[in-house]
Structure formats: structure tokens, C-alpha cells
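Below: the structure, in C-alpha cells.
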Amino acid sequence: VEVRDAGILRLADPAFLPDARGARFAFLSNPAFDALSFEVWVPLLTGGCCVVLADEDVQSPERLATVLRRERVHTAFVTTALFNAVVDTEPGCFSGLTDLLVGGEQLNAPLVRRWYRRNAGSRTRIHNAYGPTECTTFALHHPIPRDFDAPVVPLGRTLPGTGTALVAPGTTRPAAPGEEAELLLSGAGLAAGYRNLPDGTARRFVTLPDDDGTATAYYRTGDLVRRSADGHLTYVGRADR
């Protein structure tokens, strides 16, 4: 996937994470994982520090909690699977962070509420972070409030410089309000395509006219969503299942 520098720059926009400037970011992902763009480039672009965590520390909830506290980490991204594994075995693991971004799979709402209850004195904000590699790591996010009581965690709203279109699955017809729809992404985060895979690029990266007739490039995520009355998007499932 040929991501562009403009896509990485928007991850460092203070409108995304206002407290990121000068923060200490945990680098705990596999270097081949697209979270690298967030964990390394954002602190380097905002005068922060990239704290490299050893694999053995990440694989142990107790050691992960210790190293996050010892290294005074402010911001981290973890997969949903890692968050779920840590909630019960080491409940206070992320309690010293300012921002904890969780993504990769749908978040479990009861587990999020349980973490907030067990860390009532913590100032940590948990964010649901959503985005395919084709839109440079993150496209939408939702800072989850401590009094969150909905059955499903929303995907939230778009990052700066990111656009969306909702279409009827498998078509280019705009979805009706409240209708289950396929999510298309546009904007600065959009990758150039798949290197040396012109057919795959043509199939997933499409150009559609906006309301004013302007041609806009989009990525077809294949994810089904529904927009709520307050503008948040909620994940429903996959169009290919």
C-alpha cells in the first residue's frame, strides 16, 4: 500500500489529539504494522519522544504496565485483542497514560466501562481508533467518555483532512439517512494505491462525483456502517460476509 506523506502529517494535527505535542509515545507494534506511522512519526513531528518497547515487555501484561509507568508514556496505541487481554489480568496497566487508542477490531463496550470503573482516579482517555492501511492508519476516532453507557462503541468522526461517503453496499448510490451503508473514505490520508497491482487499485480506489459534480477519489473499505442522528458512525459488519 503506497501511503503518502500527507496522510502521515494529518496524524500529527492537534485537532486529532490536542495533548500529543511533546508527548512520549509508546512504540510497541511490529514495524510491518501500519501503526508505525502513528507511533514513530507523530512524536517526531510534534517534538515528542518515541519510547521503544521490547517484545517481551509487550507480551506480559505485568511487564507492560511496569514499563509504561517507568518510561512515563503519555500516548499509546494497542490492538483490541491486547486491550481485552489486559483489562482483567492487569487492570491498571494503562492508567498513567493521557491517551490510549484502541483499534483493529470492534471494541467491547462492557470491557471499556469495566476499565473506567476500575481506574476511577485515572485521567486516561480511551479512544476507539478506526482506519484501514489504505487511509494511513486512522480515519475516524471516538474519545469514549467515562459515563459512556451505549451498547456499542461508535467509530466516531473523521480525522482532520478526511472525508467520507456512505453508499448502498456494492453500488455508488448514496445511502439514505439511517440506512446501513458501505463506508468510503477520501482526503489527505488516502493512499496512492497498491504497488504493482493495477486491478486491485482500480477495484478499491474509485472516483465519484460529489454533490457539486466535483470528482473525488475514495477508498471502498468494504465495512458497513450506520450514521446516527448526532453524526457518529457505528460499525455494523462487512459487505463481503
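We did not get these values from a lab; they are worked out from the coordinates using the rules stated. Because the structure is a prediction, the values reported are computed rather than measured. Backbone-built Cβ (ideal geometry, glycine too); neighbour counts: all protein chains shown.
Can you check what the net charge comes to around E39, using other residues whose Cβ is under 14 Å from the Cβ of E39 (Lys, Arg +1; Asp, Glu -1)?
Neighbourhood net charge equals -2.
Helix 80-89: angle to the longest alpha-carbon principal axis of the chain, degrees 0 to 90, nearest 10?
30 degrees
Mind checking the log10 I(q)/I(0) for the chain at q = 0.14 Å⁻¹? Debye, one equal scatterer per Cα, no solvent, two decimals.
The Cα Debye sum returns log10 ratios of -0.93.
Taking only Cα atoms, what is the 0 to 90° angle, nearest 10, from helix 61-70's long axis to the longest principal axis of the chain?
The helix 61-70 is inclined about 80 degrees to the chain.
Are there trypsin sites (Lys or Arg not before Pro) in the stretch 69-146 that DSSP marks as loop and that have at most 16 other Cβ atoms within 10 Å, and which are they?
Working: sites: R69, R70, R72, R113, R114, R117, R118, R123, R125, R146; in loops: R72, R123, R146.
Hits after loop and neighbour filter: R72, R123, R146.
Just to confirm a number: summing +1 for Lys and Arg and -1 for Asp and Glu over residues other than G161 whose beta-carbon lies under 12 angstrom from that of G161, what do you get?
Details: positive: R4, R10; negative: D13.
Neighbour charge sum, excluding G161 itself: +1.
Give me the distance between the Cα centres of the stretch 1-74 and the stretch 117-131, rounded to whole Å.
Here the two parts' Cα centres lie 16 Å apart.
Counting each DSSP H run of 4 or more residues in the chain as -39500 (n - 2.57), what helix-only mean residue ellipticity at 222 nm follows after dividing by all residues, to the nearest 500 deg cm²/dmol? Display every interim value, and only then the final one.
Numbers: 7 runs with 52 residues, N = 241.
It lands at -5500 deg cm²/dmol.
Treating the beta-carbon of each Lys and Arg as +1 and of each Asp and Glu as -1, no other charges, what is the dipole magnitude of the chain about its Cα centre, to the nearest 20 debye? Walk me through the intermediate numbers first.
Values: 25 positive and 28 negative charges, 101 e Å.
Value, rounded to 20: 480 debye.
What is the sum of charges around L197, taking Lys and Arg as +1, Asp and Glu as -1, for the other residues whose C-beta is under 11 Å from the C-beta of L197? Before the final figure, lay out the partial values.
Details: positive: R195, R203, R204; negative: E2, D199.
Combined, the nearby Lys, Arg, Asp and Glu give +1.
I'd like the orientation of helix 109-118 relative to the chain: the angle between its Cα long axis and the longest Cα principal axis, in ° from 0 to 90, rounded to 10.
Relative to the chain, helix 109-118 is tipped by roughly 30 degrees.
Spin-label point model (7 Å from Cα, Cβ direction): what's the A217 to A15 distance in nm?
2.1 nm
Can you tell me how much longer the chain between T172 and A6 gets when fully stretched, taken as 0.36 nm per residue apart minus their C-alpha distance, in nm with one decimal? Working shown, then result.
Details: separation 166, 0.36 × 166 = 59.76 nm, distance 2.63 nm.
Going from the current span to full extension adds 57.1 nm.
Would you mind telling me which residue in Y116, Y194, Y219 has the biggest mean-square fluctuation in a Gaussian network model of the chain, where springs connect alpha carbons within a distance under 10 angstrom?
The residue with the greatest mean-square fluctuation here is Y194.
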